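Data block below; observations after.
The values are calculated or read from the model by the stated rules, or taken from the named source; none is laboratory data. Please read these numbers as outputs of a predicted model, since none were measured by experiment. Positions of Cβ are generated from backbone atoms using ideal geometry, with glycine treated the same way; all protein chains shown enter the neighbour counts. Protein only, heavy atoms only, side chains kept; ligands, DNA and RNA dropped before computing areas. Shrake-Rupley method; radii C 1.70, N 1.55, O 1.52, S 1.80 Å.
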Amino acid sequence: MEKMQFKAESQRLLDLMINSIYTHREIFLREIISNASDAMDKLAYIALTDDKVGMSRDDLAITITRDEKNRTITVSDNGIGMNRAEMEENLGTIAKSGSLGFKQAMEKTEDIDIIGQFGVGFYSAFMVASSVTVISKKYGEDTAWKWVSDGADGYTIEETTKSAPGTDIIMTLKEDTEDDKFSEFLQEYRIRELVRKYSDYIRYPIRMEISKSRKKEDSDDYESYMEEDTLNSMVPLWQRAKKDVSEEEYAAFYREKFFDFEKPLRTIHTSAEGSVTFKALLYIPGKAPYDFWSKDFKRGLQLYSSGVMIMESCEDLLPEHFRFVRGIVDSQDLSLNISREMLQHDRQLTIIARNIEKKIKSELTSMLENDRENYEKFYAAFGRQLKYGTVADYGAHKDATKELLLFHSNQAGKLISLKEYTDAMAEGQEKIYYVAGENKDRLSKLPQVQTLKSKGYDVLLFTEDVDGFIPNTLMTYAEKQFCNAATEDLGLQSEEEKKELENKAEELKGFLTFVKETLGEQVKEVRLSSDLGSHPAAMVPESGMSFEMEKYMKRMEPEFAYNVGRILELNPEHDAVKAMQNAMTADPVKAKDYAQLLCCQAQLMAELPLEDPAAYTELVCKLMV
C-alpha cells in the first residue's frame, strides 16, 4: 500500500474548502448524495445503449447506513463506480470533477444533467469526518479499490473486494470532547431531515433502515424492529405536467413545504424554455405569516438546481412588492458558486426573476377580474405590501402594481380599483379625488367630500399611512390628475365664480384679519372657500404634505418631522360665519369665542388633536349659557 500526496497544494486548498467555501457543515450529506446520483446517472446513460449492463434506472438506489457505536455514516450507490486511475484523478486532485468531464463529453450528442461540476463537493465530508474511506468497483471491471484519507496527510489506495459495481463512502465522524456537535449526524431524525431538506428530489430512492415499533402477538406490549424506508419523494411536483397534478396534491404540497394549513388562494405552475430553462411552482397565500411585517421575515423562493436545493430563500428571484409569494424554482442553467450554496449574479437569474414577476402579476390580475371575493381576501392580507411596493424606490415598480391597488369608494361604499374609478367618472369630471384620514366614515363627512358627492363625483377614502404617498408617486392615472379634496382646489368653480369669491374676500378683508389675529399662531392663514357645502369651516394644510403625512412622519421619523401649516377656510354663506361677522361689531368678545369655536371644530373634522381640550369644553359651555 503506497502513501500518496494530494495534488494542487492539497492541504492549503483543502483547509480553504473545509473552512471557507461551505458555511453550513450539514451541506456535506447533500454533496455526497449528489455525487452518488451522478454516478448512477452515468450508469443509467450507458444502460440505454449497452444491454450487458443488466439493470435499468429503476434498479438504482442510494443507501445510507448509520453505525453509532463506531461513529460512521456510509453512503452507498450502485452506480458506475471508479477504478484506481479515476480515484487518483477525481479524489486525489482537488477541484477535478469527473461529473463535469462526463457532461462535457456527452454534450456533443445529448444534454446530460449532472449536478457536480466543481469537484470539491466530496471534500465537504472532512467538515464532519476525521477520516473518509471510499470503496469502489467500476462497472465492467473485476477489481475493487479502497481510498483512505484523513484530509491532512495525503491518501492511500489499495486493492480490495466488492461484489457489485458502485461506491461506498464511509465517513468516521470527528469527536468533540466538550460538546459533541458531530454526533447529531448519526441520529436517524437528523439524516431524514437533511435528506428531505436538500435531496428530496434526487431522482433515485435514498434508503435507510428506520426503527419502528409494533404490537407483540397476544400481548399489549410493543417491540422495536428495523425496516428499510425511502427518505425522499424523488419526483418533484413541479416536474410533472399540470394536467397530471390535482388541486389536492398542490394544496398538500403547500401545507407540507411551507407549514401553512390554510389553502393557498392561487397556485402558479409554470415553466420556460429557451435562453434560460426553468420550472416554477408558486403559491399566493390566503393570509400573512405571523412575522410577515417584521424584519425577521425572509422573502424569496426556494431554489433548486436539478432537484438539489441550493438556497432556502433566494431574494433575487422575487421582487419586494411580491414578497408574499411562496414557492420553488428549479433550473439547470444557473451559474452557481463553487460551494453551490449561493448564486453568481448573472443574466439567467435576471431573466427568470422577470418572468416570475410577470406570471405573478398576471395571476393577481386574473383573480381581481374573475374572482373578486378571493382577491379581496388576498388584498386584506397583502394589499398594504402592494402599496409599499408602488411607492418604493421612487415609484420604480409602479407599473407592476398600480392596476392591482384597491381603495374605498365613498360613492360605491366598497373597495374599487383605479380603473373602476376612472371608468365610472361622472361626465365633466377631470380629476381623481381622494382624502386621507384614519376612519372612512369620518372622511365621508368632510365638507369637501360632501360637496363633491352633491356634484355626483366619487372620492377615494385613503385610510392607511402609505395611501397618501401613492398620488405623488403615480402623478396621474388614465391621464387624470389626482386631487386631494381636503387640500387642493376642487376645480368646480367657473372663472366667474372664482372672481366673485375674490371680490367677497376683498370685501371681508377686515373680518378675515380679525379672525387671524384672534387665533394667532394656531393658524397660518384664514381665507374664504366655496368648496365647503353645508359646513361653516374646514382646516386644510398649507401646502405640500397632508396632515396624514405629518402624523406619519412624527411616528416614523420624529427627528425630521414638523408641523404642516394650518389654514382655516370659512364658508361665507353659512349662518355661523355670518353670526361671527355680526358679532364682530356688536360683541367682539363673543366674536372671538365664535372664531375659536369654529377653529376647534375644523380641527376635529380634520382629525387633528386639540391643544387644550379642557379650554374647548369650557368655551362650549360658556356659549351655551
Ser313 vs. criteria open to solvent by 20 Å² or more (accessible area, probe 1.4 Å), among the hydroxyl-bearing types (Ser, Thr, Tyr) and modelled with pLDDT of 95 or more: no
Scanning segment 183-226 for residues that are touching a Lys or Arg at 6+ places or on another chain (Cβ under 7 Å), at pLDDT below 85 and acidic (Asp, Glu) gives Glu223
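Scan segment 412-432 for residues that are aliphatic (A, V, I, L, M) and within 18 Å of Thr365 (Cα to Cα) and report the count.
Number of matching residues: 3.
Out of curiosity, is Arg255 without any contact (Cβ under 8 Å) to a residue 60 or more places away in the chain, open to solvent by less than 40 Å² (accessible area, probe 1.4 Å) and part of a helix (DSSP H, G or I)?
Values: without any contact (Cβ under 8 Å) to a residue 60 or more places away in the chain: yes; open to solvent by less than 40 Å² (accessible area, probe 1.4 Å): no; part of a helix (DSSP H, G or I): yes.
No, not satisfied.
Could you tell me which residue of segment 539-558 is nearest to the chain's Cα centre (by Cα), considering only residues that are in a helix (DSSP H, G or I) and loosely packed, with under 11 Cβ neighbours inside 10 Å?
So in segment 539-558, the residues in a helix (DSSP H, G or I) come out as 547-556, 558.
In the following step, the residues that additionally are loosely packed, with under 11 Cβ neighbours inside 10 Å were identified as 555-556, 558.
Working: Arg555: 26, Met556: 23, Pro558: 29 Å.
In this case the residue turns out to be Met556.
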Next on the checklist: Just to be sure before I move on: is Lys414 at pLDDT 95 or above, out of contact with any helix residue (DSSP H, G or I) (no Cβ under 8 Å at 6 or more places or on another chain) and among the basic types (Lys, Arg) in the structure I sent?
Outcome noted: yes
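Give the residue, chosen from Gln601, Gln522, that is in contact (Cβ under 8 Å) with a residue 40 or more places away in the chain and over 26 Å from Lys455 (Cβ atoms).
Details: Gln601 fails: over 26 Å from Lys455 (Cβ atoms).
On inspection, the qualifying residue turns out to be Gln522.
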For segment 242-252, state whether one or more residues are of a type in the set (Val, Ile, Thr), open to solvent by less than 10 Å² (accessible area, probe 1.4 Å) and in contact with a helix residue (DSSP H, G or I) (Cβ under 9 Å, 6 or more places away or on another chain).
no
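Applying the selection to segment 518-538, what residues are part of a helix (DSSP H, G or I), over 24 Å from Lys445 (Cα atoms) and open to solvent by 10 Å² or more (accessible area, probe 1.4 Å)?
Going residue by residue through segment 518-538, those that are part of a helix (DSSP H, G or I) are 518-522.
From what is left, the residues that are over 24 Å from Lys445 (Cα atoms) are 518-521.
Of everything in segment 518-538, those that are part of a helix (DSSP H, G or I), over 24 Å from Lys445 (Cα atoms) and open to solvent by 10 Å² or more (accessible area, probe 1.4 Å) turn out to be Thr518, Gly520, Glu521.
Among the residues that make up segment 609-625, is at least one of them under 30 Å from Lys455 (Cβ atoms), in contact with a helix residue (DSSP H, G or I) (Cβ under 7 Å, 6 or more places away or on another chain) and open to solvent by less than 40 Å² (accessible area, probe 1.4 Å)? I'd like the intermediate steps shown before the answer.
As a first pass, look at segment 609-625 and keep what is under 30 Å from Lys455 (Cβ atoms): none.
Checked segment 609-625: no residue is under 30 Å from Lys455 (Cβ atoms), in contact with a helix residue (DSSP H, G or I) (Cβ under 7 Å, 6 or more places away or on another chain) and open to solvent by less than 40 Å² (accessible area, probe 1.4 Å).
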Every listed condition ((1) open to solvent by 70 Å² or more (accessible area, probe 1.4 Å); (2) within 16 Å of Ser366 (Cα to Cα)) holds for Ala380 save (2)
Residue hits (segment 404-421; open to solvent by 70 Å² or more (accessible area, probe 1.4 Å) and either touching a residue at least 40 places away in the same chain (Cβ under 8 Å) or part of a helix (DSSP H, G or I) (or both)) are Gln411, Lys419, Glu420
All conditions in (1) open to solvent by less than 50 Å² (accessible area, probe 1.4 Å); (2) under 17 Å from Val53 (Cα atoms) are true of Tyr139 except (1)
(1) farther than 17 Å from Leu519 by Cα; (2) open to solvent by 80 Å² or more (accessible area, probe 1.4 Å); (3) not aliphatic (A, V, I, L, M) all hold for Lys592 apart from (1)
Taking the condition assigned to a helix (DSSP H, G or I), over 30 Å from Tyr304 (Cα atoms) and touching a residue at least 40 places away in the same chain (Cβ under 8 Å), does Leu368 pass? yes
The one condition Ala381 fails out of (1) more than 24 Å from Asn439 (Cα to Cα); (2) touching a Lys or Arg at 6+ places or on another chain (Cβ under 6 Å); (3) small (Gly, Ala, Ser) is (1)
Per the filter on segment 442-464, residues among the charged types (D, E, K, R) and either under 30 Å from Asn370 (Cβ atoms) or buried (at least 19 other Cβ atoms within 10 Å of the Cβ) (or both) are Asp458, Glu464
Scanning segment 24-54 for residues that are within 20 Å of Ala164 (Cβ to Cβ) and among the β-branched types (Val, Ile, Thr) gives Ile32, Ile33, Ile46, Val53
Of the listed residues (Tyr375, Tyr394), the one being part of a helix (DSSP H, G or I) and on the phi > 0 side of the Ramachandran plot is Tyr394
Exactly one of Ala591, Ala583, Ala576 is under 28 Å from Lys453 (Cα atoms) and either in a helix (DSSP H, G or I) or modelled with pLDDT under 90 (or both), and that one is Ala576
Here the qualifying pairs (Cβ atoms under 7 Å; residues six or more apart or on different chains; first in segment 145-160 and closer than 16 Å to Thr72 by Cα; second open to solvent by 10 Å² or more (accessible area, probe 1.4 Å) and small (Gly, Ala, Ser)) come out as Val148/Ser131; Ser149/Ser131; Asp150/Ser130; Asp150/Ser131
Note on segment 559-589: residues surrounded by 12 or more Cβ atoms within 10 Å (Cβ to Cβ) and hydrophobic (A, V, I, L, M, F, W, C) are Ala561, Val564, Ile567, Leu568, Leu570, Ala576, Val577, Ala579, Met580, Ala583, Met584
Within segment 139-156, residues among the charged types (D, E, K, R) and at pLDDT 95 or above come out as Lys146
Listed by first then second residue, the pairs whose first member lies in segment 422-441 and is within 19 Å of Gly491 (Cα to Cα) and open to solvent by less than 60 Å² (accessible area, probe 1.4 Å), whose partner is of a type in the set (Ser, Thr, Tyr) and part of a strand (DSSP E or B), with beta carbons under 7 Å and at least 6 positions apart or on separate chains, are Thr422/Tyr477; Ile432/Tyr477
With criteria (1) open to solvent by 50 Å² or more (accessible area, probe 1.4 Å); (2) of a type in the set (Val, Ile, Thr); (3) at pLDDT below 90, Thr476 comes up short on (3)
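Quick test for you: out of Thr23, Thr63, Thr49, pick the one residue that is in contact with a Ser or Thr (Cβ under 6 Å, 6 or more places away or on another chain) and either surrounded by fewer than 14 Cβ atoms within 10 Å (Cβ to Cβ) or at pLDDT 80 or above (or both). Spell out how you get there, then give the answer.
Values: Thr23 fails: in contact with a Ser or Thr (Cβ under 6 Å, 6 or more places away or on another chain); Thr49 fails: in contact with a Ser or Thr (Cβ under 6 Å, 6 or more places away or on another chain).
That would be Thr63, the only listed residue that is in contact with a Ser or Thr (Cβ under 6 Å, 6 or more places away or on another chain) and either surrounded by fewer than 14 Cβ atoms within 10 Å (Cβ to Cβ) or at pLDDT 80 or above (or both).
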